[in-house]
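Participant: Before I ask anything, let me first share the structure, which is written out below as structure tokens.
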Amino acid sequence: MFQNYNQLVEKISKSTGKSSDEILRLVEAKRAKLSGLISREGAAQILAAELGINFDKEKVKVNEIMQGMKKVNIIGKVVKLFPVREYKKENREGKVANFFLADDTGSIKTVLWDVNHIVLIEKGEIKEGDFIEISAGNLRNNELHLTGFSDIKKSNEIIENIKMQNEAGEKKISEFSLGGSFKARAMIVQAFEPKFFEVCPECGSKIIKEGEISRCEKHGRVTPKKRALLSIVLDDGNGNIRAILFSEQIEKLGIKQEDLESERFSGKKRELLGKEAEFSGSVRQNKLFNNPEFFVSDIQEIDLDRLIEKLEKSPIVT
Ligand SMILES: [Zn+2]
């Protein structure tokens, strides 16, 4: 349920009154006892259970829902409701209802299978535009499925700034998948020699070289602009991935293009290594090497205030 190990440690710390340092020690002790066969997150979950902390009632946001999650509790708005359908298969028949549930982080297709839930829609007790609360939903193929063990009811809570488009959710690098957009808090653990290429100063398209002359397909003869490309390796403690940064992102790390082009880069490289930030981007296949690469589109300093605010906004219900 928690994508962030530190977040989990913080929650255990807050609800037990023990310092987070102590929780970290207890987690490591638990792992040692289990001969390191369990992940830090797994050990922390066991510790939480042993300390009597129950996360089952914890609510999540759409962009926090992860593959394989069971017992998803969430509040959102029914933004698009489809007509109830009947289905008939060889040995089963019944009804199914679908809608999109959205909150301020994105939307998710939600599927109802239980007749007691579906009747709420048929009777108009739950309709498009309503805010609802779902308990114990299951995630299947990026959809939220409600069974007889789940619950759905109207909520008095109103969420502003409903988003249909999913924001890049914070994820562990080990959970990145090809084609997806992600955000991860990670450390730069390796940086390779920068590469340069030339683009049209007007439109940024690739330049066609005709001897000494540089041409843009759209803008004709131009004086090309040099752009930099930097490959780095990002590591979040759970996994690592090769990432690609272009000029704008490189600048966000405090490196000017001049620094890249000269021997000054070796000094700058030392500054880069160990730097931690929030990296957003998309995962694409590198055609040349046939491995996934993270194309970084934004880099944000880690905002501790926001991190703390986020933790405080989701109090633990035990
Ligand atoms: Zn151009």
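The values are calculated or read from the model by the stated rules, or taken from the named source; none is laboratory data. Keep in mind that this is a model prediction, so the values were computed, not measured. Please note: Cβ atoms are built from the backbone with ideal geometry, for glycine as well, and neighbour counts cover all protein chains shown.
Participant: Sort out which residues of the stretch 120-135 are out of contact with any Asp or Glu (no Cβ under 8 Å at 6 or more places or on another chain) and either closer than 23 Å to residue 60 by Cβ or surrounded by 15 or more Cβ atoms within 10 Å (Cβ to Cβ) (or both), and write them in order of number.
Facilitator: Once the filter is applied, which keeps residues that are out of contact with any Asp or Glu (no Cβ under 8 Å at 6 or more places or on another chain) and either closer than 23 Å to residue 60 by Cβ or surrounded by 15 or more Cβ atoms within 10 Å (Cβ to Cβ) (or both), the stretch 120-135 yields 120, 121, 126, 128, 129, 130, 132.
Participant: Among the residues of the stretch 211-227, count how many are hydrophobic (A, V, I, L, M, F, W, C) and within 10 Å of the ligand (Cβ to nearest atom).
Facilitator: Qualifying residue count for the region: 2.
Participant: Could you please find all residues in the stretch 48-62 being in a helix (DSSP H, G or I) and either in the same structural domain as residue 174 (by TED's automatic domain parsing) or not acidic (Asp, Glu) (or both)?
Facilitator: Once the filter is applied, which keeps residues that are in a helix (DSSP H, G or I) and either in the same structural domain as residue 174 (by TED's automatic domain parsing) or not acidic (Asp, Glu) (or both), the stretch 48-62 yields 48, 49, 62.
Participant: So how many residues does the stretch 183-209 have that are within 16 Å of the ligand (Cβ to nearest atom), farther than 20 Å from residue 282 by Cβ and assigned to a loop (DSSP other than H, G, I, E, B)?
Facilitator: Summing the residues that are within 16 Å of the ligand (Cβ to nearest atom), farther than 20 Å from residue 282 by Cβ and assigned to a loop (DSSP other than H, G, I, E, B) in the stretch 183-209 gives 6.
Participant: Oh, and also: If you take the residues in the stretch 166-209 that are in contact with a helix residue (DSSP H, G or I) (Cβ under 7 Å, 6 or more places away or on another chain) and either of a type outside the set (Asp, Glu) or farther than 27 Å from residue 238 by Cβ (or both), which one is surrounded by the fewest Cβ atoms within 10 Å (Cβ to Cβ)?
Facilitator: Filtering the stretch 166-209 for residues that are in contact with a helix residue (DSSP H, G or I) (Cβ under 7 Å, 6 or more places away or on another chain) and either of a type outside the set (Asp, Glu) or farther than 27 Å from residue 238 by Cβ (or both), the one surrounded by the fewest Cβ atoms within 10 Å (Cβ to Cβ) comes out as 166.
Participant: Here is a check on your reading of the model: is residue 16 of a type in the set (Ser, Thr, Tyr) and farther than 21 Å from residue 152 by Cβ?
Facilitator: yes
Residue by residue, here is whether (1) modelled with pLDDT of 75 or more; (2) surrounded by 17 or more Cβ atoms within 10 Å (Cβ to Cβ); (3) assigned to a strand (DSSP E or B) holds:
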{"position": "9", "(1), (2), (3)": "yes, yes, no"}
{"position": "24", "(1), (2), (3)": "yes, yes, no"}
{"position": "28", "(1), (2), (3)": "yes, no, no"}
{"position": "41", "(1), (2), (3)": "yes, yes, no"}
{"position": "46", "(1), (2), (3)": "yes, no, no"}
{"position": "74", "(1), (2), (3)": "yes, yes, yes"}
{"position": "88", "(1), (2), (3)": "yes, no, yes"}
